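What follows is a single structure, written as structure tokens, with notes after it.
The values are calculated or read from the model by the stated rules, or taken from the named source; none is laboratory data. Please read these numbers as outputs of a predicted model, since none were measured by experiment. Virtual Cβ from ideal backbone geometry, glycine too; neighbours counted across all protein chains shown.
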Amino acid sequence: MKSTTSFIFLIGLQLCAISGTSNLIEIVCQSSEDKNLCYSTYNNAQKADLNGLAMIGLNQASGNATAILKYVQERMGQPNLEPLVQQGLIDCANLYQDAVDQVDDSIAALEADAFKDVSAWVEAALSDAVACQEAFTQHPNVDAKLTWNNGIFIRLCKNVLAANKQLAGMPR
């Protein structure tokens, strides 16, 4: 009887933990501008706490920023680019190098529970992505892939800020 009771108690604890994480995902994603991206980012994070959700978001943003930087660098090597496009790519490469570093700094800040620093670094990375996007506003059809991926990075950063806002409000 005792083992059955213990087993039922442990199942109940697991269900509460899973339900708690689902509630955390719900709370974070409800304050997100892109709920679909938010839910897909955290879809496999059913056992993560709020700190874990923020880390997952930062890792997604880091991977995305790194991929964008690599893409921009490859595009810069293409021959016969218009001078404005070449300059826009150079600007974006510099901006995304900063964004990658800033997201990495955000990860370190999150590990230290420095939530204000997380926000500052993510906001800086977000500003860099917006500046890259603006470099192509006069030529919106020049690079649809960059524009698309840049938009995803911007939304990932906003999702991280939503999770971090929840973390910053928690008592420590």
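Do we have Leu89 as touching a residue at least 60 places away in the same chain (Cβ under 8 Å) and either of a type in the set (Phe, Trp, Tyr) or touching a Lys or Arg at 6+ places or on another chain (Cβ under 9 Å) (or both) here? For Leu89, the condition - touching a residue at least 60 places away in the same chain (Cβ under 8 Å) and either of a type in the set (Phe, Trp, Tyr) or touching a Lys or Arg at 6+ places or on another chain (Cβ under 9 Å) (or both) - is not met.
Got at least one residue in segment 92-110 being among the hydrophobic types (A, V, I, L, M, F, W, C) and outside any helix (DSSP H, G or I)? Walk me through how you get there before you give the answer.
So the first thing to find is which residues in segment 92-110 are among the hydrophobic types (A, V, I, L, M, F, W, C), and the list is 92-93, 95, 99-100, 103, 107-110.
So of that shortlist, the ones also outside any helix (DSSP H, G or I) come out as none.
No, there is no match, as no residue in segment 92-110 is among the hydrophobic types (A, V, I, L, M, F, W, C) and outside any helix (DSSP H, G or I).
May I ask you to list the residues in segment 113-140 that are in contact with a helix residue (DSSP H, G or I) (Cβ under 9 Å, 6 or more places away or on another chain), free of Cβ contacts under 8 Å to residues at least 12 places away in the same chain and outside any helix (DSSP H, G or I)? Hits for segment 113-140 are Ala114, Pro140. When segment 51-69 is filtered for residues that are buried (at least 19 other Cβ atoms within 10 Å of the Cβ) and touching a residue at least 60 places away in the same chain (Cβ under 8 Å), the ones remaining, listed by number, are Leu53, Ala54, Gly57, Leu58, Gln60, Ala61, Asn64, Ala65, Ile68.
Mind telling me which of the residues Leu84, Leu69 ends up being out of contact with any Asp or Glu (no Cβ under 8 Å at 6 or more places or on another chain), aliphatic (A, V, I, L, M), modelled with pLDDT under 95 and assigned to a helix (DSSP H, G or I)? Talk me through it step by step, then tell me what you get.
Working: Leu69 fails: modelled with pLDDT under 95.
The conditions single out Leu84.
Cys132 meets the conditions (1) surrounded by fewer than 22 Cβ atoms within 10 Å (Cβ to Cβ); (2) within 18 Å of the chain's Cα centre (by Cα) in every case but one. The failed one is (1).
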